[in-house]
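Nothing in this text is a laboratory measurement; each read-out follows from the coordinates by a stated rule. Note that the coordinates shown come from a computational prediction; the quantities given were computed from them, not determined experimentally. Neighbour counts are summed over all protein chains in view; Cβ atoms, including those assigned to glycine, are modelled from backbone coordinates with ideal geometry.
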Amino acid sequence: AAEDGLNAWLRYARIDGARGYHNKLPSAIITLNATEGSPVQTAGHELVQGIGGIFGKRVAVSAADKRHRPATAATVGTVHAFVDSNPGAAKGLPQLVDDGFYLKVFRGNVLILGQTERGALYGAFHYLSLLAQGNVSDFSLASNPDAPIRWVNQWDNMQDGGTHGSVERGYGGDSIFFWDGRVRDDLTRAAQYARLLASIGINAVVVNNVNADPKTLTEENMNGLARIADVFRPYGVQLGLSLNFASPQTLGGLPTFDPLDETVVTWWHDITDSLYRKIPDMAGYLVKANSEGQPGPMTYNRTLADGANLFARALQPHGGIVLFRAFVYDHRSLNQTLDWKADRANAAVDYFNGLDDKFEDNVVIQIKYGPIDFQVREPVSPLFSRLIKTGTAIELQITQEYLGQQAHLVYLAPMWKEILGFDLRVDDKPSVVSDILNGKRFNRKLGGYAGVANVGTNTTWLGSHLAMSNLYAYGRLAWDPSLSAERVLHEWIKLTFSDDKTVLDVITRMSMASWPAYENYTGNLGIQTLTDILLGHYGPNPASQDGNPWGQWTRADADSIGMDRTVWNGTGFAGQYPPSLAALYEHPSTTPDNLLLWFHHVPYTHRLSASNKTVIQHFYDAHYAGSATAQTFPSLWQSLRGRRGVDRERYEHVMFRLTYQAGHALVWRDSINTFYFNKSGIPDEHGRVGNH
Ligand code: GCW
């Protein structure tokens, strides 16, 4: 059963009536020009394994041979290789972009063609996914990724306290890549990870923490990184690397790390050249600079563009790109008490102001979805509407840092869908976030998705079986953001458990209810998640948000609550949006209720537009409603006991967590409600909160 966890949605579990399908399946696999270790060869192996697992039909891989063609076959390779051997066939093929694939199934004959080798592998995984869901019908389709950048980030530390490799905000065990300050000898899990990621279209992994250790770049570690790249390569997954901006000084022994200093420039060029000698297909760099104590260009009064371009130029000869993070702010300087207009949310737009035309072409700005930090509800970062010439990628968090740390079921696709589908109205024209990312809106080439995954050595990867729906959904939405959250969830349930109707219904119901429930019992109306801000971001602690320079403030006092981010009286953040949105957010009556306290400081007795409830009564009611939803999860899950695909081990593992969640939701409810009752002194209309 540990295997079930490790294989996640790639279990290839035998389906009902498997034998009956055998004549609709290929009887051999033909790979076109597959070299050893290539994604096309991997595709061949995967098809053998999948068809064997799902149907119990044995097939083998053979090379193309015109004279001995098997009765039916699955042919997999690149468009190029196919057209080479069948020149006449070129006409009938659809247009593909890089990584795209064409898939045709006709009476047991299957054609799987990728624009790239990796695309062919994606096509094979897509075919296998359909088979595993019991779909063997004839069809043909062409599928292209919506955006070229579909990366995951791992916040893995090489070394932690001098001994091992932990994962920052990782809840699934230690690093699968690093141990004891070095790259692990055994990279089996790294290869298994690449396999899972390839099956959902992820094309690169940044393997180390954005709070990067300069020692990542020692000769020994670069060799280790090359070994990781070697186990990724058969899956078409490229390696990316986080850099520590001060490395020329701390590792290289130079007197400076000023990005405009010639010796520094040369140092980075040399490092980059030696990395590419070892890893010719390296994806590029990820850089966190001048944020939360990390060094950066501003240390030398240089701009963020000077910083990003330093790496971009070193990468250019190798075709690499740099993802430069917009998460730039000073966690020490904000003063809540003295400055009503201080606002961490303003930082990104302020710091990037005036830089839009200053970046090299291979720079992409990686922007967290909201202006603060992965909260349960944030408005979309206005920076997406400010960078027109510069490519952007959205940073989503798969690991549930503020969202229950995998001890709570929170299916995130519905939240991501709201963000990706949000219209920023740049120049009063449709400017949907996903069209900004894929380059269509501003006519750019580079852009896309970065998901902070933080899997670990745990056999469930993320620490919980159900949390894997988020990793799956992330990849699927990065490939095609128009897919619905339910549809993606259905696929995942069928592949991970089974297509038993009760299994499908119950997990769908719980998952779709989970984000709204979590928002209800943690933080409402845009007040943020209200977790403990200083200790691990877990569990309720609304008092901890205020009175410190971290800037995740609520400004709750005896009468009123919320951040005044208006232009007329507040921090001015609302004015960072294009005019029509800015106007909307400027007034409480036109601000959506779920963001009211994000943008406005109002009395607890302020009435909401939609429900006409007071803010405080909404808090009370929402916390009761959300925790009540969580109370239903254990009994819902219990109805799946013994159902097809729900084996004992996974059943118990999930049950333990859902039971915990149900209890912890009550802790949340009562802590938050009591806290605001104590602050405001306003009793609950229904008599549940307060002195009895
Ligand atoms: O939210 C904060 C996290 C840090 C993280 C930082 C970032 C890697 O609590 O753990 O550091 O964001 O995204 O850089």
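Between Ala558 and Thr674, the C-beta separation translates, for a Förster distance of 25 Å, into a calculated FRET efficiency of about 0.95. Taking the alpha-carbon centroid of each part, what is the distance from region 364-422 to region 60-94 in angstrom? Value for the Cα centre distance between the two parts: 42 Å. Roughly speaking, what is the centre-to-centre gap between region 251-267 and region 454-501 when only Cα atoms are used, to the nearest Å? Here the two parts' Cα centres lie 44 Å apart. Which lysines, if any, have their Cα less than 29 Å from the Cα of Lys613, not counting same-chain residues under 8 positions apart? Partners within reach: Lys341, Lys417, Lys679. Applying the Kirkwood pairwise sum to the alpha-carbon positions of region 150-207 produces a hydrodynamic radius of 11.8 angstrom. With R₀ set to 22 Å, the beta-carbon distance separating Ala342 from Val567 gives a calculated FRET efficiency near 0.90.
Taking only the Cα atoms of region 425-573, the radius of gyration and Dmax are 19.8, 56 Å.
Straight-line cross-link partners of Lys91 among the lysines, defined as a Cα under 22 Å from its Cα and at least 8 positions apart when in the same chain: Lys66, Lys104. For region 98-171 and region 569-616, compute the distance between their C-alpha centroids and round to whole Å. So the two Cα centres are separated by 41 Å.
Computed over region 2-143, relative contact order equals 27 percent, with contacts defined as Cα pairs under 8 Å that lie 6+ residues apart. Projecting label points 7 angstrom from Cα along Cα→Cβ for Ala625 and Asp138 puts them 5.1 nm apart. Each of Ala90 and Ser62 was given a label point 7 Å from its Cα along the Cα-to-Cβ line. The distance between the two points is 2.9 nm. Judged by the gyration tensor of its Cα atoms, with axes a ≥ b ≥ c, region 341-399 is oblate; a/c meets the 1.5 cut and b/c is at least as large as a/b. Over all orientations, region 141-273 has a Cα convex hull whose mean projected area works out to 9.8 square nanometres. Free of any GluC sites (Glu not before Pro) that DSSP assigns to a loop and that have at most 13 other C-beta atoms within 10 Å, the longest stretch within the chain is 37-684. Counting only DSSP H runs of at least 4 residues, each contributing -39500 (n - 2.57), and dividing by the residue count of the chain, the helix-based mean residue ellipticity at 222 nm comes to -11000 deg cm²/dmol. Distance between the pseudo-spin-label points of Leu666 and Thr590 (7 Å out from Cα toward the beta carbon): 4.5 nm.
No solvent, one uniform scatterer per C-alpha: report log10 I(q)/I(0) for region 2-143 via the Debye equation at q = 0.12, 0.18 1/Å, two decimals. Values, matching the q order: -0.44, -1.00.
Rounding to the nearest 10 and keeping the result within 0 to 90°, find how far the Cα-based axis of helix 262-278 lies from the longest principal axis of the chain. Between the helix axis and the principal axis of the chain, the angle is about 40 degrees.
In the frame of its principal axes, region 561-663 has Cα extents of 60, 29, 20 Å, reported largest first.
Apply the Debye scattering formula to the chain, with a single equal point scatterer on each alpha-carbon and no solvent, then give log10 I(q)/I(0) at q = 0.05, 0.06 Å⁻¹. Taking Cα atoms of the chain as identical point scatterers yields -0.24, -0.35. A quarter of the convex hull surface defined by the alpha-carbon atoms of region 149-487 gives 17.1 nm² as the mean projection.
Highest mean first, the peptides 631-642, 370-381 sorted by other C-beta atoms within 10 Å per residue fall in the order 370-381, 631-642. Taking max minus min of the alpha-carbon positions on each principal axis, region 495-577 gives extents of 55, 32, 24 Å, largest first. Amide H contacts of Tyr449: Ile149, Arg150, Trp151, Ile394, each under 5 Å away and 5 or more positions distant or on a separate chain (H built 1.01 Å from N in the peptide plane; Pro and chain starts excluded). Take every DSSP beta bridge whose two residues both sit in the chain; close to 30 percent of them are antiparallel. For the chain, calculate the relative contact order in percent as a whole number, restricting contacts to Cα pairs under 8 Å that are 6 or more residues apart. Reported relative contact order: 11 percent. Between Glu292 and Gln49, the contour length at 0.36 nm per residue exceeds the Cα-Cα span by 82.8 nm. Multiplying the residue separation of Leu636 and Val83 by 0.36 nm and subtracting their alpha-carbon distance yields 193.8 nm. For Asp180 and Lys278, the FRET efficiency from 1/(1 + (r/R0)^6), where r spans their Cβ atoms and R0 equals 22 Å, is about 0.60.
Which aspartates and glutamates, if any, have their Cα less than 19 Å from the Cα of Lys358, not counting same-chain residues under 8 positions apart? Output for Lys358: Asp258, Asp261, Asp306, Asp350. Each Cα pair under 8 Å and six or more residues apart adds its sequence gap; the mean of these over the residue count of region 149-487 is a relative contact order of 19 percent.
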